[in-house]
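Got a structure here, written out as structure tokens. Questions coming.
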Amino acid sequence: MNADTSIRTIMTTDLVTVSPDVPAKAIQQIFRENDFHHLPVVERGERLVGIISKEDVFKLSYVLSLQTTGNTYSKKEYETLKAVDIMTKYPVTLDPDDNIGLAADIFLANKFHALPIVEDDQLLGLITMHDLLKFSFDAMVVDKVEETYEE
């Protein structure tokens, strides 16, 4: 694996995003219907203002269940919340020309699982630990095939 490879080459660019005023219920539904774990929050086009993980939604439900006395109250409380209330504000971001070695270092040092890729204040993509793992595995397979041909 070449750690100097640009993030641009492996980042996910086909993203589902939400605005800060989207209800928590809708966010929960988005996670149920899709096979991803991170949801960028954008405003005015593609300006990143936060990120929500599937774990954030689970934690919110758990905390509400502890803080309230009944299911009906928890449900009503949940219905008042919006993306802005549960998102991580000011997430760490990378530039598309940063390298995957930097992304790996940030993931390991901070226990993050996804990083938004931003250029000129515009969200361009997202890189996840899964992207890095796939890139590394693909590189190992290519190396193995090259070794086989050399023999």
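For the chain, what is the mean residue ellipticity at 222 nm derived from helices alone (per DSSP H run of n ≥ 4: -39500 (n - 2.57); sum divided by total residues; nearest 500 deg cm²/dmol)?
Details: 6 runs with 71 residues, N = 151.
When only DSSP H runs of four or more count, the value is -14500 deg cm²/dmol.
Gln67 to Lys111: FRET efficiency via 1/(1 + (r/R0)^6), r the Cβ-Cβ distance, R0 30 Å, to the nearest 0.05? Don't skip to the answer; put the middle values down first.
Numbers: r = 26 Å, r/R0 = 0.85.
Calculated value: 0.75.
Moving on. Among the trypsin sites (Lys or Arg not before Pro) within region 30-96, which fall in a DSSP loop and have no more than 11 other Cβ atoms within 10 Å of their own Cβ?
Numbers: sites: Arg32, Arg44, Arg47, Lys54, Lys59, Lys75, Lys76, Lys82, Lys89; in loops: Arg44.
Answer in residue order: Arg44.
Measure up Lys25/Lys134; Lys111/Lys134; Lys54/Lys82; Lys75/Lys111; Lys25/Lys111; Lys59/Lys82 against 22 Å on the Cα-Cα distance and list the ones that go over. Display every interim value, and only then the final one.
Details: Lys25/Lys134 32 Å; Lys111/Lys134 18 Å; Lys54/Lys82 15 Å; Lys75/Lys111 31 Å; Lys25/Lys111 27 Å; Lys59/Lys82 15 Å.
Correct reply: Lys25/Lys134; Lys75/Lys111; Lys25/Lys111.
Considering Cα pairs under 8 angstrom that are at least six residues apart, work out the relative contact order of the chain and quote it in whole percent. Provide the component values of the computation, followed by the final result.
Working: 209 pairs, mean separation 47.6, N = 151.
Across the chain, relative contact order equals 32 percent.
In whole Å, what three semi-axes, largest first, describe the equivalent ellipsoid of region 1-123 built from its Cα gyration tensor (square root of 5 times each eigenvalue)? Could the numbers behind the result be given before it?
Numbers: eigenvalues 188, 48, 26 Å².
Equivalent ellipsoid of region 1-123: 31, 16, 11 Å, largest first.
Between region 82-112 and region 1-17, how many Å separate their Cα centres?
Region 82-112 and region 1-17 have Cα centres separated by 13 Å.
Next question. Over the chain, with a Gaussian network built from C-alpha contacts below 10 Å, which listed residue (Leu126, Leu115, Leu60) shows the highest mean-square fluctuation?
Among Leu126, Leu115, Leu60, the largest GNM mean-square fluctuation belongs to Leu60.
Coordinate-derived values only; no laboratory data. Remember, it's a predicted structure, so these values are computed and weren't measured experimentally. Methodologically, a virtual Cβ is constructed for each residue, glycine included, from the backbone with ideal geometry; neighbour enumeration extends over all protein chains shown.
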